[in-house]
Structures are given as C-alpha cells and as structure tokens.
Amino acid sequence: MAEGVPLVDTVLSVRRMTVRFAGVVAVSDLSFSLHAGELLGIIGPNGAGKTSVLNCINGFYRPQAGQVFFLGRDITHLPPHARASTGIARTFQNIALYPHMTVLQNILSGRLVHMRSSLLGCGVYWGFGQREVLRHRQRVEEIIDFLEIEAYRDHRVAELPYGIQKKVELGRALAMEPRLLLLDEPMAGMTVDEKADMARYILELREVRGLSMILIEHDMGVVMDLCDRLLAMDYGRKIAEGPPKEVQQHPDVIRAYLGEEHGVAEEVAGGP
Amino acid sequence: MAYARPCGDFKTSYAQDMALLDIRLYRWGFLLLLAAMVAAPWVLGRWIYLLNDIAVFAIGAVGLSLVMGFAGQISLGHAAFMAVGAYTSWFATTHLKLPFVAALPLSAVVAFAVGAVVGLPSLRIKGLYLAIATLAFQFLVEYLIVQTVSGMGGTPVPPMDLFGVPVNTEVRFWYVVATVWVVGAVFATNLTRTRVGLALMAVRDRDYAAQVLGVNLLYYKTLAFALGAAYAGVAGSLFAHYNRVIGAEHFSLAQSIDFVAMLVIGGLGSVWGPHLGAAFVRMLTQLLKMWAPVLGAVIPVLGRATTSVHDVVFGVILIVFLIWEPGGLATLLRKFKRYVDLWPFPH
Amino acid sequence: MSGQFVLEGVVVGLAVGSIYALIAVGFTVLYKSTKILNLAHGELVLFGGYLAIAATSAFGFLPTPAAFAAGVAVTLLAAAALGFAVERAVMRPLFGQPLLSVIIVTLALGYVVRGIMVGIWSGETRTFPPVIPATVVRVAGVPVSLVGVWSAAAAATLLVTFSLFFRYSRWGIAMRAAANEQLTASTLGVSLRRVFAYAWAFAAVAGAVGGILLGLWLGVNFALAAVGLKALAAVILGGLDSVPGAILGGLLVGVVETVLGGYMEAHVRVLGQPLHGFKEVTAYLVILLALMVRPHGLFGTERIERL
Ligand SMILES: Nc1ncnc2c1ncn2[C@@H]1O[C@H](COP(=O)(O)OP(=O)(O)OP(=O)(O)O)[C@@H](O)[C@H]1O
Ligand SMILES: [Mg+2]
C-alpha cells in the first residue's frame with residue numbers, strides 16, 4: 001500500500017467535543033472516530049455544526065471541552081500549523097485559495113510543510129534552495145496531472161472558474177501528502193460533470209492511496225455512493241452514525257431534514 | 001507517493017523553468033544592467049549623486065516590499081528601522097571603533113532584531129492594528145533620537161572607510177552602494193521565489209488558510225518584519241556614512257510614508273516595484289525641491305514651502321495610482337511592453 | 001506623586017480627554033460603518049481649527065460672539081462638505097479594494113489636506129479672538145482656565161447628544177446596521193452608500209469640532225494634527241468599534257497623558273536629561289501597551305473568523 005497509510009488502525013478520534021459561540025452551541029458533546037483508509041461522511045442541515053467540527057480538528061477553533069487524537073497522539077493543544085505538519089489537510093467550504101498566486105504556486109504552497117531550506121539557502125538560491133524547489137515542483141506536476149488542470153497551471157486562481165478553483169484547492173491539500181484529508185462540501189455549486197470528476201478523484205484517492213478522509217456534503221446521492229460510513233448532526237449533536245443506508249433511514253435524520261426543508265427530506269428518504 | 005493515474009509526461013526541465021533568469025534574453029539584460037551600473041559614473045558625471053540617493057532608498061524599499069508587498073503587513077515605521085541601522089552604524093564606528101565593513105552587517109543584525117520585536121505582536125494584532133503599532137513605534141523612535149542622541153540638530157558620522165580606502169567621493173560611494181544594492185536585490189528576489197516567498201504570499205493572500213495548511217503565522221510575519229527592518233538598517237547605515245550627519249528629520253514619519261509611496265507607485269508585490277518606486281519618488285523629491293518656489297508662485301494654495309508642495313504632489317500621485325493603477329509602475333511598464341510587442345497590430 | 005498633583009492632573013486630563021473623546025467618536029463611527037481606518041483624522045481636526053479661525057476673522061465686522069458663531073457654522077458646513085467630497089471622489093472608487101490600499105489612501109488624503117493648509121497658513125500658531133474671557137476658575141479645588149471648562153462642557157454635551165442620536169435616530173440605527181453586517185444591511189434596504197457618505201461627513205464634523213474646541217483652548221498650529229493620533233490611542237484603548245469605548249478611551253488618554261506625562265516630564269531624567277515633551281509620546285506608549293495586552297481594546301468585539 002502507499003506510504004500515506006498509517007500503521008495505527010484508528011486515525012482520528014474526537015472525544016466529547018463541545019464548541020460554543022456567544023449563545024450558540026455549534027458542537028455539543030460529540031464523539032466519533034475514523035479508521036485507517038475510511039471515508040466518513042458528515043451530513044446535517046445548515047448550521048448543524050459540521051464545519052465547526054472540521055475547524056476543531058484543524059485547531060482553527062478551540063473547543064470549550066473535549067479532545068482530539070490523531071494517530072494515537074493527543075493534538076488538542078497543538079496550534080493549527082503544527083497539526084497540519086502532523087498530516088492533516090483540508091479544503092474549505094468557501095474557497096480559500098491564495099487569489100493572487102498562480103495555480104502552480106497555490107499547489108506548491110501545499111508543499112511548504114515539507115520544505116526545509118534555510119533562510120540563507122533560500123536567499124542564495126543557487127544550490128540547495130533551487131534543488132529543493134525543483135524537487136517539490138515535480139510533486140506538484142504530478143498533482144496537476146492527476147487533477148487534469150495542466151491548461152491552467154500558470155493562471156492566477158482568482159481568474160479561474162469556480163469548478164477549477166475547487167480542483168486547485170483539492171490539489172493544494174493533496175500536495176501536503178496528508179494522512180487525513182478533510183473535505184468541506186467539495187462539490188457544492190458544481191455542475192454535474194464537475195461533480196462526477198470530483199467523485200472520481202475522491203474514490204481514486206481512497207481506493208488506490210488508501211487515504212483516510214472526512215467528507216461534508218449536502219448532495220445525498222454523492223454521500224450515499226462514496227462514503228463507508230455516515231455521521232448525521234443536528235444542532236451540534238450526533239443524531240445517527242453507521243452505514244449510509246441505516247443513517248439515511250434513521251427517524252431522527254428524517255425529522256431533522258423535515259424540520260428544515262421538504263425537498264431535502266424527500267431526497268434523504270428517497271435515497272440515491 | 002503514487003497517485004492513481006499514471007503520471008503523464010510532465011515537463012521535465014524544471015530547472016530551466018525555475019531559473020532566476022531563465023530566458024537567455026533576461027540573462028543578457030541582467031549583464032547589460034550590471035555593465036551600465038559599472039559605467040554609470042562616466043555617463044552621468046556629477047549627476048551620479050542622484051543615483052546614489054536612489055540606491056540608498058531603493059535598498060530600504062526592497063525591505064518594505066517584503067513586509068507590505070509579499071507578506072501584506074502594513075508598516076508605517078520603516079524610516080524608524082532605517083534610523084536603527086543609521087545609529088547602530090554611527091555607534092559602531094565612533095564608540096566601538098569598528099570598521100565600516102563590520103558596522104554595516106551589525107546594523108543589519110540590530111535592525112533585524114528590533115524588527116522581530118516590533119513584528120512579534122503582529123500575530124495578535126492584524127491589519128489595522130498593526131499599522132497603528134508601527135506608527136506608534138515610529139513616533140517613539142523619533143522621540144528617542146531627539147531626547148537621547150541628536151537633539152533637534154544632527155549627529156556627525158565619520159566618512160566610510162573600506163579597508164583603509166576612504167570612500168569620500170560620490171563615485172567611490174556609488175560602487176559601494178551599487179554592490180550592496182545588487183546583492184540585496186538578488187537575495188530578496190531569490191527569497192520571494194522559494195519557501196520564504198511562498199509562505200509570505202500565502203499569509204498575505206489568506207492568512208487563515210495558510211495557517212491551517214501548515215504555515216506558522218507568527219514565524220513568517222515576524223520574519224517578514226525582521227527582514228524588512230534589516231534592509232532598512234542597511235540603508236540607514238549607508239545613508240549615515242553618505243550624508244555624514246543624521247538626525248530625527250531624516251527618519252521622520254514623512255520618510256516612512258515616502259517609503260510606502262515608493263512601494264505603491266512602483267508596484268506592490270513586484271520584484272522591480274521597489275526600485276522603480278524609489279527612483280520615481282527620489283527623483284520627484286529632488287525636482288520638487290528645485291521647483292517648489294516656482295510651483296508655489298503659479299498655484300498660490302501650495303504656498304512657498306517645499307514641504308507643502310511635496311505633500312500635496314505625493315498625496316495626489318498616491319491617490320491617482322491607487323484608484324487607477326494599483327499595480328503601480330511595474331504593471332504600467334508591463335502593459336506598455338505588451339503594447340510595443342503587439343505593435344502595429346494590437347489585439 | 002502628591003495627591004494634589006494627581007487631582008490636578010485628573011481634572012485637567014478629563015477636560016482635555018473629553019475633547020479627545022469627541023474626536024475619537026468621529027473616528028469610531030467612521031470605522032464602525034465603513035471599516036475604514038482613517039489616518040487623515042488628524043488633518044480633519046487641523047482643518048476645523050484653522051478654518052474656524054479664518055472664518056471667524058472674516059466675520060470680524062460682527063460682534064465677537066456672533067462672528068465666532070458664524071465662523072463655527074461655516075466651518076461645520078465646510079467640514080461636512082469635505083467629508084461628502086472625500087467619500088464621493090476617493091473612497092467610493094476604492095470600494096472593495098484591499099484594506100492596505102484604503103488605509104494608504106487616507107494617509108495620502110491627509111498629506112494633501114495638510115499640504116494645502118501649510119501652503120495657506122504657513123504653519124504659524126493662530127488664536128481665536130477672545131470669545132470667552134481668559135479667567136481661571138476652580139473645579140474641585142483645581143485651577144482650570146474658563147475656556148477649558150467651556151470646551152470640556154461643550155464636548156461633553158455633544159458626546160451625550162451623539163450617543164442619543166446613534167441610539168435612537170433613523171440614521172443612527174442604519175449606521176449600526178451597516179456596522180454589524182454590511183450585506184444584511186443592504187438587503188434590509190439601508191443604502192450603504194448613503195451610510196458611508198454620512199459617516200464620512202460625521203467624522204469630518206466631529207474632527208472639526210474637536211479642532212475648534214482645542215483651538216479655543218490652546219491655539220491652532222500643526223501640532224494639532226497629532227491630536228488626531230491621540231484619538232487613535234483612545235480608540236485602540238476602547239476597542240475600534242465601540243462608541244462608549246472611544247469615549248472612555250479619550251478620557252483615559254487625557255488623564256494618563258496629563259498625570260503620567262506631566263510627572264515624567266517634571267521628575268524623571270534619562271541620561272541626566274529631563275524628558276521634554278514626554279506628554280506627546282505618552283499616547284503612543286498607551287497604544288503599544290494596549291495592543292500588547294488587549295488587542296481588542298476594553299470594549300471592542302473579538303471576531304472569530306469563519307472558514
Ligand atoms: N466563528 C463563528 N462565530 C459565531 N458563530 C459561529 C461561528 N462559526 C460557526 N458559528 C455558528 O455555529 C453553528 C454551526 O455552524 P457551522 O458552520 O459549523 O455549520 P455547518 O453545519 O457547517 O452549516 P452549513 O451546512 O451551512 O455549512 C451555526 O449556528 C453558526 O452560526
Ligand atoms: Mg459548513
């Protein structure tokens with residue numbers, strides 16, 4: 001198997017996590033874990049707290065209570081950049097690329113966690129600094145190939161269509177060679193074709209690389225197809241967890257979606 | 001790392017692609033530029049002093065370009081860092097009796113350290129707050145200069161001495177300052193195309209994403225400030241031994257704002273920006289000094305004071321650039337070049 | 001520090017501080033409704049001071065109080081017009097530009113305004129004709145000039161008026177709505193453009209009033225522009241987006257400056273030198289300390305970014 005697969009079976013475990021904002025309980029006493037090579041889907045109506053969970057895994061939000069273990073290590077108190085170095089990468093619900101940089105630079109920036117050249121090495125360039133950049137560039141080219149975005153490599157991302165930007169964001173996360181990939185609605189707002197592409201990349205990453213992933217997605221069809229397991233949230237609480245089929249039929253899940261909006265509820269009940 | 005799809009034949013000549021002066025034309029251009037710099041004293045004659053003045057401030061502007069153009073952090077106290085370098089060099093050569101070749105790097109190191117301290121809170125204080133913190137730093141340094149060393153007047157600085165050779169003419173100074181200028185500019189340019197530059201731009205473009213993707217904000221923001229200050233320190237040291245007298249007026253808030261103007265006019269985030277901007281601002285400053293009385297006579301509101309003409313002209317230019325050409329001269333030049341390239345069939 | 005010294009400092013400091021507070025409120029309101037940090041605020045203060053003196057002397061044919069009133073009226077109108085003009089000509093084209101550009105533009109504006117004023121008034125200190133007799137009264141046993149008392153009283157009255165205005169008037173509510181969520185405000189039918197324009201006008205007027213009051217008391221010269229930066233200290237201390245914070249911050253800066261600054265100047269020596277003009281930098285020390293200890297000020301809101 002590829003080198004990205006950890007030896008420990010449980011990659012991530014979140015224990016009794018609670019996040020509050022003035023007045024709002026975004027995540028409430030949530031526990032779950034993720035096995036190696038597993039693709040876990042998190043579903044729930046808007047404002048259920050899905051993104052907040054990812055933010056806590058990243059260290060971007062500090063939960064009021066609870067712990068996060070990654071590869072058997074307690075990372076609850078690590079700052080966000082240090083968690084990234086342990087091998088957690090992500091994409092964002094609202095695209096968070098570096099708008100003034102090119103596609104290539106954006107993806108190369110994912111390699112920063114692996115760059116080791118010194119300040120002097122960078123400034124003098126000839127020699128070590130140059131070699132390092134070239135080595136990383138090679139990895140970046142592989143990713144650009146994988147995502148089929150060769151045509152855009154030297155474009156500034158701000159000028160690119162939405163669907164391409166989503167791909168670039170995935171590319172930047174992959175460039176980190178993560179052990180855990182967090183995807184926050186990677187297909188939101190995409191065309192059917194683009195969704196199919198994205199689903200293909202995710203499947204390939206899981207099947208060939210054995211990458212452990214958490215996927216937040218509103219499109220039930222996609223979720224049911226891709227995920228090994230689902231976790232449903234509402235008002236920050238876990239309301240169901242298990243195989244996709246079971247979670248989909250769970251009465252609390254149907255109720256949560258019904259309370260929110262009819263269309264989605266029918267979609268949930270009707271299945272893919 | 002093996003990705004699912006077999007990797008196609010990606011470009012293999014990255015070395016060529018990434019080289020600093022990849023296209024042969026650029027390499028020739030760079031050599032030509034160096035040759036022109038060597039020949040400058042013969043071509044310019046006594047006007048070489050203009051170039052000396054530009055060079056000193058361009059070195060400082062390169063530093064600010066790292067802070068503002070690449071890391072996206074606002075500094076309104078760049079002249080204060082220049083003061084740190086200038087007074088370090090003064091102290092080193094007069095009180096410590098160090099030679100200039102030691103005083104120059106010492107100025108860089110001390111300014112680097114001070115820059116790091118000032119930049120340290122930049123993690124907690126963002127954008128607006130940081131601008132204000134640097135402003136406060138600027139005023140405190142001005143106050144300290146007046147209170148402790150220079151008073152309202154100036155402090156004399158000994159002439160530059162390079163391994164026993166006194167650097168006491170404009171031409172000699174030119175060769176010293178030009179060397180530092182080229183080395184400093186190349187070093188900064190290399191920084192911007194490797195790890196450091198990539199991280200700084202990431203911080204500039206979207207700091208929260210950068211952080212989540214492994215960029216240590218505290219380290220890089222502080223580093224940007226420290227590096228920027230080090231360049232200002234070098235500029236300050238050169239300025240001190242060139243001008244031979246230093247005082248609060250040389251490192252005032254107005255000078256800090258002039259640095260900002262250099263960056264905006266030259267082009268933020270561009271490699272050539274600080275150099276173009278420094279040339280523009282310093283030349284215009286010299287011109288205005290000469291022409292202020294005339295301008296004041298023609299446009300009465302400007303009065304006869306050089307400072308008021310300078311302020312109004314620079315204020316207006318800054319506003320015009322920010323509204324109509326935020327990319328500065330660097331972008332203007334690029335557009336012009338495209339236009340020339342396409343002539344006579346513009347598309 | 002003797003008790004009397006502190007008491008005097010506090011009384012005088014509160015009086016000056018109330019004017020700082022007024023200027024700071026203009027600053028905060030602008031920041032709250034437009035998110036623009038106006039580095040030209042000091043120049044607006046200066047503008048008010050000089051213009052009021054010039055206008056008052058232009059109305060010299062009237063009896064002094066009437067000339068002063070007319071001068072002030074003209075100045076306030078001119079300040080409002082300047083605010084509108086700046087918003088329309090410079091800030092609106094920059095809408096949506098990066099923070100960096102917007103801040104630099106305010107800096108450049110300050111340059112232009114100041115340059116023109118130096119050109120016209122060539123930097124001499126000017127004073128108002130004696131509107132208020134130059135006598136000294138005792139406040140809490142501390143001697144204060146009558147002008148100071150009047151200035152402080154005027155500033156306090158205006159502060160109360162503004163606070164009520166922002167709480168209850170239609171425009172006040174619209175501005176607060178814009179401050180909270182620009183997008184929501186625009187969907188609720190609040191015209192952001194108008195809010196921005198009025199915010200600029202308000203900031204210019206508040207600055208000008210501050211300039212007039214300080215000018216009455218201390219005379220007008222270019223050091224007055226530095227007062228704009230003291231307002232910055234007040235605002236940082238109070239938290240950029242809090243009006244009560246700005247008021248409290250202004251009072252605090254006034255008191256700290258007179259008590260601590262006065263003490264340092266009178267009693268502390270560095271390298272055998274007395275610390276001349278230490279008062280002037282006290283505000284900056286306050287800024288640096290406040291930023292280190294409480295970056296969001298005493299009352300400012302700490303926003304947690306969303307991803
Ligand atoms: N930074 C923040 N400040 C204040 N409240 C927040 C913040 N982040 C999230 N919240 C609140 O926490 C709750 C959960 O938000 P979260 O973004 O995690 O939901 P979500 O499940 O990702 O929703 P969506 O499907 O809309 O993305 C919401 O009520 C939201 O308003
Ligand atoms: Mg979300």
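Quick notes
- Selection from the range A:83-132 of residues that are modelled with pLDDT of 90 or more and of a type in the set (K, R): A:R83, A:R90, A:R111
- Selection within the range B:158-201: residues that are among the small types (G, A, S) and either closer than 14 Å to B:A58 by Cα or part of a helix (DSSP H, G or I) (or both). The member of this set that is nearest to the other protein chains (Cβ to nearest Cβ) is B:A199.
- Pairs, first over 27 Å from C:Q97 (Cβ atoms) and assigned to a helix (DSSP H, G or I) in the range A:78-107, second more than 16 Å from ligand 2 (Cβ to nearest atom) and of a type in the set (K, R), C-beta under 7 Å, six or more apart: A:I107/A:R172
- Just one of the numbered conditions (1) assigned to a helix (DSSP H, G or I); (2) over 23 Å from B:F57 (Cα atoms) is not true of B:K97: (1).
- B:T194 vs. criteria under 30 Å from B:G72 (Cβ atoms) and touching a Cys at 6+ places or on another chain (Cβ under 8 Å): yes
- Output for the range B:176-205, where each listed residue is modelled with pLDDT of 95 or more and of a type in the set (F, W, Y): B:W181
- A:S117 crowded, with 20+ Cβ neighbours inside 10 Å, more than 16 Å from ligand 1 (Cβ to nearest atom), within 27 Å of B:V183 (Cβ to Cβ) and touching a residue at least 12 places away in the same chain (Cβ under 8 Å): yes
- Of the residues making up the range A:146-164, those that are at the interface with another protein chain (Cβ under 9 Å from one of its Cβ atoms) and under 21 Å from the mean Cα position of the chain (by Cα) are A:F146, A:E148.
- A:Y152 falls short on exactly one of the conditions (1) outside the structural domain of A:G49 (by TED's automatic domain parsing); (2) free of Cβ contacts under 8 Å to residues at least 24 places away in the same chain, and that condition is (2).
- Residue check for A:I143: in contact (Cβ under 8 Å) with a residue 24 or more places away in the chain and either farther than 22 Å from B:G197 by Cβ or within 7 Å of chain B (Cβ to nearest Cβ) (or both): no
- Filtered by the rule that a residue be over 25 Å from A:V247 (Cβ atoms), more than 12 Å from ligand 1 (Cβ to nearest atom), without any contact (Cβ under 8 Å) to a residue 60 or more places away in the chain and touching a helix residue (DSSP H, G or I) at 6+ places or on another chain (Cβ under 8 Å), the range A:43-73 gives A:G59, A:R73.
- Residue under evaluation A:R20, criteria (1) crowded, with 16+ Cβ neighbours inside 10 Å; (2) within 14 Å of chain C (Cβ to nearest Cβ), criterion not met: (1)
- Failed criterion for C:V11 (all others in (1) touching a residue at least 24 places away in the same chain (Cβ under 8 Å); (2) surrounded by fewer than 24 Cβ atoms within 10 Å (Cβ to Cβ); (3) more than 22 Å from C:K279 (Cα to Cα) hold): (3)
- Filtered residues of the range B:247-265 (kept if assigned to a helix (DSSP H, G or I) and among the small types (G, A, S)): B:A248, B:A254, B:S256, B:A261
- Within the range B:238-259, residues that are under 15 Å from B:F100 (Cα atoms) and among the aliphatic types (A, V, I, L, M) reach no partner that is assigned to a helix (DSSP H, G or I) and modelled with pLDDT under 95 with beta carbons closer than 8 Å at six or more positions or on different chains.
- Taking the numbered list (1) away from chain A (no Cβ under 14 Å); (2) modelled with pLDDT under 95 in turn, B:Y208 passes all entries but (1).
- Qualifying residue in the range A:206-217 (condition: facing another protein chain (nearest Cβ under 9 Å), over 30 Å from A:D29 (Cβ atoms) and out of contact with any Phe, Trp or Tyr (no Cβ under 9 Å at 6 or more places or on another chain)): yes
- Tallying residues that are more than 7 Å from chain B (Cβ to nearest Cβ), touching a Gly at 6+ places or on another chain (Cβ under 9 Å) and either surrounded by 24 or more Cβ atoms within 10 Å (Cβ to Cβ) or at pLDDT 90 or above (or both) within the range C:98-112 yields 1.
- Of the numbered criteria (1) in a helix (DSSP H, G or I); (2) in contact with a helix residue (DSSP H, G or I) (Cβ under 8 Å, 6 or more places away or on another chain), the one B:Y208 fails is (2).
- Residues of the range A:174-201 that turn out to be within 16 Å of ligand 2 (Cβ to nearest atom), surrounded by fewer than 22 Cβ atoms within 10 Å (Cβ to Cβ) and within 13 Å of another protein chain (Cβ to nearest Cβ), as a count: 1
- Conditions (1) within 19 Å of A:A36 (Cα to Cα); (2) away from ligand 1 (no atom under 16 Å from the Cβ); (3) at pLDDT 90 or above; (4) out of contact with any Pro (no Cβ under 8 Å at 6 or more places or on another chain); number of the one not met by A:I202: (4)
The values are calculated or read from the model by the stated rules, or taken from the named source; none is laboratory data. Predicted, not measured: the structure shown is a model, and the values here were computed from it. Positions of Cβ are backbone-derived with ideal geometry, glycine not excepted, and every protein chain shown enters the neighbour counts.
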